[in-house]
Amino acid sequence: MEEVLYNILGAVVTFIVAFVVGMTYGGLTRKITARVQNRKGPPFYQNFIDAFKLASKKTAIHHGVMHLMGPAFLMVSSVMTLLVVPVLSGNNWFPNLNFHGDLIFLLYIMTFGPLGMALGAGQTGNPNSAIGVTRGLSQMVGFEIPWVMALVALMIQYKTTSITGLMDAQAQTGTWLMFSSPFAFIAAVMAMFGMFRYSPFDIVGAPTELASGPVSENGGKFLFVMMSSGSVFTFAKLTLYIDLFMGGASNLVILLIKTFALYMIPVLYGITSPRYRTEQAVRWFWGWPTFFGLLAIIQAVILK
Amino acid sequence: METFSIIFAIFLGGAVLTYFAGKLSSVVQDILFLATVLVPTYLFFSGVSIGSSMPFSLEGISLLWGVNHFGWLFSLIVLGLGSLAAVYSVGYMKGKERRGYFYLNFVLSVMSMLGIVISQDLISFFIFWEIMTWSSYLMVIYSGNDVQRIGIKYFVFSAIGAYAMLMAIVIVHSVTHTFFIEDMIQAYGQMSLQLQIWIPILFLLAFAVKAAMMPLHVWAPGAYSNAPMAYTSLFSGALSKMGVYGMVIILVTMVNRLPQGILFREVLAWLGGITAAMGTLWAIKQDDAKKLLAYSSVAQLGYIIVGVSIGTELAMMAGLFLAVMHALFKGTLFMVVGAIEKQTGTTNFTEVTGLIRKMPWTFFAALMGIIALAGIPPLGGFIGKWMLYESLITSDHYLLVILIFFSSTAAFLYCYKFLFGFFLGQEEKEWAHVKEAPATMVVPMVLMGIFMVVLGTFPGIVLNPINNGLMDLGYVDSYKHLWETSIIFNSWGDHVILQPILYSIMGIFIFFLIFVLWKGYKGTRYVTTKDISSSGEVPKEDENLTFSVGFMQPFMRAVAPVMRRQMDKYYTGFANGLEGLFDFVRRIYTGNAQTYAVYVVVFIVIVLLFKDVLF
Amino acid sequence: MVGTPVLFVAIPLLAAFLIPLLGMIWKELVRIVPGLVLIYLMVLSVNLLNHVLVNGPIVEVIAGWAPPFGINLVFSAFSGFLVTLMVFLGLIVWIYSYRFKRNVGFEPAKKYFLLLMMLVTGAVGIVLTGDIFNMFVFIEITGISGYALTAFYTGRDSAEASFKYLMLGSIASTLLLLAIMILYSQLGTLNMAEIATKIHTVKPAYKVISLILFITALGIEAEIFPLNGWAPDAYAEAPGPVGAAFAGIVVKASVYAIIRYIYTIFDISGAYDFLIIIGMVTLIIAEFAAIRQEKLKRMLAYSSIGQMGLVLVAFGFGTKEGVFAALFLMLNHAIIKSLLFLSGSYLVYNSKDKTIAEVNGMHKFLPITSFLFALGAFAIVGLPPFAGFWSKLSVLTAAADSHMLFVMSLILMVSVVELVYYLRVVNRIYFFKKEESVEAKKPTFNALIAMLVLGALILVIGFYPDVITGVIHKASADLMDKTKYINDVLSIKQ
Amino acid sequence: MINDKHSQKIVDYIQNWSRKHSIWVLAYGTGCGAIEIPPTMTSRYDAERLGVRGAATPRQADVLLITGYLTVKTLKRVIRVYEQMQDPKYVIGFGSCTINGGMYYDSYNTINVLDKYLPVDVYINGCMPRPEAVLSGFAQLQKRIAEGRADGAAQYKENLEWYRANQKRIIPNWVMPEYNW
């Protein structure tokens, strides 16, 4: 009973950390974007203000039960991802669910939220939402392929499908996987562009074309939950990448440095690129990223 | 074993009685029908103990019926889904024509499937196989539109498969001089290599046709979508599993012992993978729910084929578990389509939208089925998918796992299309009158949905029979190291512990649901789907803003190159060529007496010329 | 001794000649008497068959001249089985055609039943006789009645079909006579057993040529490709029951003749392979031709030709299983194809040109007939659990046992084709919209009885084949045992 | 505890502060005024540093920015959009046309005084108002919000009959659903 309580406590702490970090990263993204565009930009805590404002806004209407459940679905997948991914390597403060699921489970639980959200967006009856959802799902099919190829390469090279196993492998060899199996890293990072949905892959919620797509009917509290789940999800995914490719992080500072460095890749790439159409995006993901994924698998088969 | 004869007597007699009871009254007919399906089910699971058998002899051929663990597993699928579908079809067939015909064929199908799984000799196996084929054929042509093409395509493919099996059976008989499956398996080792290669090929041809494997799948979409939905749930759920059943037996007992067996496995596995991928892509393209589900059945059977043909312990369990799950969720989904067809009269996504508030229970069942189909935790589909991936990775099928993963990710697209097309989107005035389906139809669906949830957390319920069945097939060691009641392992020792995952998912979900609804649910009011932010415009009652035509267009554009050709075309061309040949042959008979006389003379001359060769 | 085989020939012949006279007494007798005769023959044949199965064949000597000099009739298990089958079908045909057409007046009915009697006489005689010239005579009787029955509907097409039949039939009899002359010139005897004992003394050239002539002549009657040009027209133009009689009686008799020549009389080993070859060719060509037919009866005719080819193939294996399969196939084919002809002729009863397209949606108006036709179609294709399956299974088993996998695969491929054209018809009957131009004709009571009997037989044999297989096993054993036949015949002393 | 007066005051203060610093604008680009929005948002004047940013749909927006004259036809849409926005919500009238009709004061199909149809919180004068003016308008709105005096929505609820009467007088065929919360 007690360790259950401790686990819940640890989960809450993890969640708060993820929330804060994710929100801050979002604000920093806006700041950096502004600086790149030669603007002053909002303060880095702007996202917190927005979030609080959204939370304090009244929500007078809903479109039905699935519409109400949508944000909760979204939150489930981000928080579950967060709990399964080991935040800090080799500490037992919050071993949330690290040893209860492995990478395949992670892949599937990561798709849980978007689909539930899609159901919510579908029930609002707004055509823009449905269009955005179809685009998002198509894009997901696109980037999952190189992503899975990279993961499979790692799995077969180190004969384990669990994240902790891969982290242990790095700990033993002492070299990060991004160096020992570079192709997998390249493929995974390319897939990450699609995962974060920054430009050029932001046609899903194109603000002016689709009226922000799936979320177009959600304001106030709905939008707050989605926003926070997005930031938690960002943190969780970054941590996952760190664990897989950069040997994890032993304390929070290193974690923040690594994650932020990794996070800048899609952000900066996004600021400086125009937008792809959906089929262009899908074809892009099935082009070079998949090629690198194949290289990764070949390398793994040779080295295993 | 008297129970066998009683069961089959009830099936046969009940079928005929049900057929003629339609003359009296429909209620009597329904009751008789239910009794005919449910009573033998009860008798089977209560009266028949595993390992019991019943030898008898017919036309000088000694036959044997019996139940082993493996057959029992599939009889679970057949009878379980069969009785649920029976309850469902009572509601579904209310007020439809030719109910006697439907019930008769339904009962015959269930009987023949049960017979297949309990027959321990090839002759009764083949007889039941053929009864299954033609009863399902009569179901396929029940609804009557485009019968000639769809029905005959289905039957011809089945017949080609069945005759291949018959050929294998008689070849085996000519070697062993018995028809017992045991003896066949015993004698297989001593056969000549040529036979050792040909017999599995012939058998697998038959089973691959039923399991709708590329390139023998072309009958499936038409047949699945043309049969009445109440039967299609059984057709796709249980009847296609008979192909898997036979396939597993042949693979395990024959191909494993063959040195060249690995080749068989690889070819089969790749065919299964291609089946999964192409089936998924075609399913995404469909606008008719029946067709969509039909193609998705083809794809799902592709996964199962991959699992059983890879044939490592984990893969075999994955395949069989997926078979059970597929029976569950595809049965549910076809039932859902049937309910919607009955309530609205159409199954086209572009016509019917926004039923979620009209048919909530149906939506629940559909949601469960779709989540299980997509393989998303915490429902049962995930277990099978997980095992499949792990087995593929641990058995060095790296590209195949990518293919499978691609198809199961693309499956999300049609999953969402199914749910959105029917239940979500704008609520139309046209469908304002729609009511929830009657209880006899809703209850089976919801039951299966709940069962899927349970299986997602406690897969041991099904993994245990699978384990015993595989041990029956000759796997000496148990599979206990691969699963516990709610934990699944792969062969590298990595595992997923399901119970805490389920609890945390529920906890998070409920917490944030409450958070969203905080400060009183009554504070928020429901607004119709017309009240949307469409540039300040007010949609009129009769204008439909739902986005349902060309739903997955961008993705389709992305994958257009692979979908340019359809296997069907080639078969049609081949058939047309044959028809031309037949027509040419027909012209031999000119209808002219002189010609016939000339034929006679020519015959004599030829025979005389070649008499030294002939005699 | 319950009766003598000679009655099988004598009584129907007598009845045939008496029918006109009886007609003068009371018109209805024309219809009744044949039935009584056939019923008597049925009883007699069943009794004799039981007797024969227990204690050996009966050899009947005619006119007191013992074989090899005189004519003798042999009622063995094999011939007895066939005789029973034929008489039974004759009975069915009689029941069916008792009130076949209300509009048929007295004169046509008189002719019809007279000819039917003669047909049965000839066919039974072919099977029973032990003397090749006597067999020739019986073949002539059968043929002549067959020509006449083909032309029963006086009309242009019927006359043409009958003429074709007549023409080929006369060629056949010429060749047959030629063959008999060759053998007689070589051996100086006409008795089968006698010939069988002496056949090895004949020079091979004569032997082979006479065999070829025999096969050609009988092949014309037995519908072997390419000698069967007459068959489709005859089947299509003759009345339905006559078609059934052809498929069930005449063809069986001719096949019997061929088999008797090859198995008992001649000792040429290559003949078996020759049977397989012509059988396969006949089967394949016939089924291919059948799938493209517009007329229902023509389609059935081609299908029946194909089945005959299959029978020949089964005989060609030359093994005990092969003969068993062939006899079983003959039985099933006789029953099922008769059922198809009888029910089919009601499905297209009123349509002008009897095309398949005109059976659309008939099941609403002729439920039982349609059901029986569908049953027959499923059965003849060989779907379990109907009669046809068991015979097909035994044929395939025999093929596999004699290691003819190629033949086996060909048979299976062809049966897929067969499946297709039967299913097309069944679908049309059940799932198409009826054409307004054609109005259905309810079958008469007696016709219904006849068809129901056949349908019941199909189901019985299908579910429990043991009822008949015992007899067939004995019959095939009897055919295989050549020396026993010779001894039985030649050991007869006055 | 929420109902306690002092804590309620604190909560209000924090909420107003956050609303003040995060203003999501639904720019209803009627007329010529819309051309002034891009320079306001982009590098030169960068309204985002004040927390002002564009919103895609009424559900997400706080401020309805009416840029320029309103024809009768567009008025209907504007009212619709305003009623779809969630509380708290504010309206900014932008340019002279929204104040008194401006150069279209005698046009047969434009409205002259926006305030008769929607509760305007802040007017921005000028034709056109320069971005500086727009920014000062936003600053004004922020001040009002912080002081809690930006209560246009509340007024709209109180005097709904009056507003409806005006609206219906202008709009001939009234097909919109009644506004209830």
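Read the figures in this text as sums done on the coordinates, not as results from a lab. None of these values were measured; they are calculated from a predicted model. Counting neighbours? That spans all protein chains shown, and the Cβs are built from the backbone with ideal geometry, glycine included.
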Original post:
Of B:ILE185, A:MET190, C:VAL348, which is farthest on the positive side of the dipole of the protein assembly as shown, counting Cα position, with +1 on Lys and Arg Cβ, -1 on Asp and Glu Cβ, and the Cα centre as origin?
Top reply: A:MET190
Original post:
For B:HIS217, B:HIS177, C:HIS51, what's the fewest-to-most ordering of other Cβ within 10 Å of each Cβ?
Top reply: B:HIS177, C:HIS51, B:HIS217
Original post:
For the stretch B:565-614, rounded, prolate or oblate, judged on the Cα gyration tensor with a ≥ b ≥ c (square roots of eigenvalues), a/c < 1.5 rounded, else prolate if a/b > b/c?
Top reply: oblate
Original post:
Given +1 on the Cβ of Lys and Arg, -1 on the Cβ of Asp and Glu, and no further charges, what dipole in debye does the stretch B:311-443 carry about its Cα centre, rounded to the nearest 20?
Top reply: 280 debye
**OP:** Enter the angle in degrees (range 0 to 90, nearest 10) between the Cα long axis of helix B:261-285 and the first principal axis of the Cα atoms of chain B, meaning the one along which they spread out most.
**Re:** 50 degrees
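If each residue's Cβ is checked for other Cβ atoms within 10 Å, how do C:ARG428, B:ARG98 rank with the fewest at the top?
On the way: C:ARG428 21, B:ARG98 16.
The fewest-first ordering by Cβ neighbours comes to B:ARG98, C:ARG428.
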Original post:
Classify the stretch B:101-188: rounded, prolate or oblate, from the alpha-carbon gyration tensor (a ≥ b ≥ c, eigenvalue square roots; a/c under 1.5 rounded; otherwise prolate if a/b is larger than b/c)?
Top reply: oblate
**OP:** Could you rank the peptides A:161-167, B:528-534, C:34-40 by their average count of other C-beta atoms within 10 Å per residue, with the highest value first?
**Re:** A:161-167, B:528-534, C:34-40
Subject >> Net charge over other residues, Cβ less than 12 angstrom from the Cβ of B:PRO561 (K, R count +1; D, E count -1) >> reply: +3
Original post:
Per q in 0.06, 0.07 1/Å, what log10 I(q)/I(0) does a Debye calculation on the alpha-carbon atoms of the protein assembly as shown return?
Top reply: -0.71, -0.87
**OP:** With 10 Å bins from zero, work out the P(r) of the stretch D:42-86 over every alpha carbon pair and list the percent per bin.
**Re:** 23, 43, 28, 5
Subject >> Dipole magnitude of chain C, debye to nearest 20 (Cβ charges: Lys/Arg +1, Asp/Glu -1, about Cα centre) >> reply: 900 debye
Subject >> Label-to-label distance, nm, for residues given as C:MET42 and B:ASN256 (7 Å Cα→Cβ offset) >> reply: 5.7 nm
Subject >> Fluctuation leader among D:ILE37, D:ILE171, D:ILE23 - chain D, Gaussian network, Cα springs under 10 angstrom >> reply: D:ILE171
**OP:** Set Lys and Arg Cβ to +1 and Asp and Glu Cβ to -1, take the dipole of the protein assembly as shown about its Cα centre, and tell me which of B:VAL209, A:ILE254, A:GLY136 lies farthest positive.
**Re:** A:GLY136
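Which of the trypsin sites (Lys or Arg not before Pro) across the stretch D:117-181 are loop residues per DSSP, with 13 or fewer other Cβ within 10 Å?
Those satisfying the criteria are D:ARG149.
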Original post:
Where does the stretch B:260-498 land on Rg(C-alpha)/(2.2 N^0.38 Å)?
Top reply: 1.05
**OP:** Any aspartates and glutamates with Cα under 17 Å of the C:LYS203 Cα? List them, leaving off those in the same chain fewer than 8 positions away.
**Re:** B:ASP612, C:GLU194, C:ASP267
**OP:** Sort B:TRP492, C:TRP65 so that the residue with the fewest other Cβ atoms within 10 Å of its own Cβ comes first and the one with the most comes last.
**Re:** C:TRP65, B:TRP492
Subject >> Cα principal axis extents for the stretch C:269-463, largest first, Å >> reply: 56, 32, 23
Subject >> Crossing angle, helix C:6-25 versus chain C [Cα axis fit, 0-90 degrees, rounded to tens] >> reply: 40 degrees
Subject >> Dipole magnitude (debye, nearest 20) for the protein assembly as shown, charges at Cβ of Lys, Arg, Asp, Glu >> reply: 3560 debye
Original post:
Per-residue ellipticity at 222 nm for the protein assembly as shown, helices alone: DSSP H runs ≥ 4 residues times -39500 (n - 2.57), over residue total, nearest 500 deg cm²/dmol?
Top reply: -22500 deg cm²/dmol
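I'd like to know how chain B sits against the 2.2 N^0.38 Å rule of thumb: what's its Cα Rg over that expected value?
In units of the 2.2 N^0.38 Å rule of thumb, it is 1.05.
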Subject >> Cα-based reach from B:LYS290 at 16 Å (exclusive), listing aspartates and glutamates while leaving out same-chain residues under 8 positions away >> reply: B:ASP146, B:GLU341, B:GLU351
Original post:
Spin-label point model (7 Å from Cα, Cβ direction): what's the B:ALA439 to D:ARG149 distance in nm?
Top reply: 6.6 nm
Original post:
How crowded by other chains is B:157-169, given as the mean number of beta carbons from other chains within 10 Å of each beta carbon?
Top reply: 4
Original post:
Hey, if you put +1 on the Cβ of every Lys and Arg and -1 on every Asp and Glu Cβ in the protein assembly as shown, which of C:ILE335, D:GLN142, C:LEU116 ends up farthest toward the positive end of that dipole?
Top reply: D:GLN142
Original post:
trypsin sites (Lys or Arg not before Pro), restricted to the stretch D:1-104: which are DSSP loop and have at most 13 other Cβ atoms within 10 Å?
Top reply: D:ARG44
Original post:
Using alpha-carbon positions, what is the distance between the centroids of the stretch A:259-304 and the stretch D:77-135, in Å?
Top reply: 47 Å
**OP:** Holding the Cα-Cα limit at 23 Å, pick out from C:LYS198/C:LYS252; B:LYS358/B:LYS417; B:LYS210/B:LYS480; C:LYS198/C:LYS320; C:LYS164/C:LYS295 the pairs that are longer than that.
**Re:** C:LYS198/C:LYS252; B:LYS210/B:LYS480; C:LYS198/C:LYS320
Original post:
So which aspartates and glutamates can C:LYS434 reach, going by Cα to Cα under 12 Å and dropping same-chain residues fewer than 8 places off?
Top reply: C:GLU358
Original post:
Which entries in C:LYS297/C:LYS474; C:LYS352/C:LYS442; A:LYS221/D:LYS20 show an alpha-carbon gap greater than 26 Å?
Top reply: C:LYS297/C:LYS474
